[in-house]
Amino acid sequence: MTSTLPDHASPAASLPSVDDRRLARGCAAGDTRVFEEIYQRFGERMKSVAWGHLGKASDAEDAVQETFLKIHRAATTFTGEASFSTWAYRILVNTCYDALRRRKRRIEETNLDDTTETAVRTAPSVDDTKRLALRRMLDELPEQRRTVFTLFEIEGLSHAEIAAILGITEGNSKWILFATKKELQQKWTRRERP
């Protein structure tokens, strides 16, 4: 479901919709029916966005669960400057950033020499190898670039929606996507050279 972002040109458009206020009030009150409704409306896309950032289904599910807790705790702070869905996606993206930072710290703290591999691996297919290479390239990008790329190319959000979620301008979102695509293309080309 694609959300409609408010038109900030008119003063009335900056007010939260009746539905957005209802969702925020229900979350603040801990109304399970409202949480179920939000999950039905946004849950699959939230998992997809989280998976795009974190790369593992279990981590994505954890991030979505954590996001719902944060939405409950922060619902009283919902101002309606953006739609409820945009506000929720912003919380999700920030939750993914937190998870990535925690993951990076854990990796740095783990002594890689002490780890042993016990699973038997099969030879990866060409598609698996390319997918993993792309995943590594995306993981190497700065958070904002990876987020813009994922939200636009994988999730199909518009630049207006991305701008509202990340708190940047629409033009900035377009520039970041252009620069990210160019960088990924250059890395891919270098990777394919013998």
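What accessible surface, in Å², does a 1.4 Å probe find on ASP19, ignoring ligands, DNA and RNA and rounding to the nearest 10?
The accessible area comes out at roughly 50 Å².
Applying a 10 Å radius around every beta-carbon, put 140-150, 45-55 in order of their mean neighbour count, most first. Please list the in-between numbers first.
Numbers: 140-150: 18.5, 45-55: 20.9.
The packing order, highest mean first, is 45-55, 140-150.
Go through the range 88-101 residue by residue and turn each phi into a ³J(HN,Hα) via Karplus (6.51, -1.76, 1.60, θ = phi - 60°); whole Hz please, and just put x for glycine and proline.
Working through the residues one at a time gives 5, 5, 5, 4, 4, 4, 5, 5, 5, 4, 4, 5, 5, 5 Hz.
Once label points are set 7 Å from the Cα along Cα→Cβ at both TYR39 and GLU140, what is their separation, rounded to one decimal in nm?
3.9
Within 10 Å, count the other beta carbons around each residue, average over each peptide in 156-168, 174-186, and list them highest first.
On the way: 156-168: 19.7, 174-186: 14.8.
Going by the mean number of other Cβ atoms within 10 Å, highest first, we get 156-168, 174-186.
The values are calculated or read from the model by the stated rules, or taken from the named source; none is laboratory data. All figures in this text were calculated on a predicted structure; none of them were measured in a lab. Heads up, the Cβs are rebuilt from the backbone with ideal geometry, glycines too, and the neighbour counts pull from every protein chain shown. Surface accessibility is based on the protein's heavy atoms, side chains included, excluding ligands, DNA and RNA. Shrake-Rupley method; radii C 1.70, N 1.55, O 1.52, S 1.80 Å.
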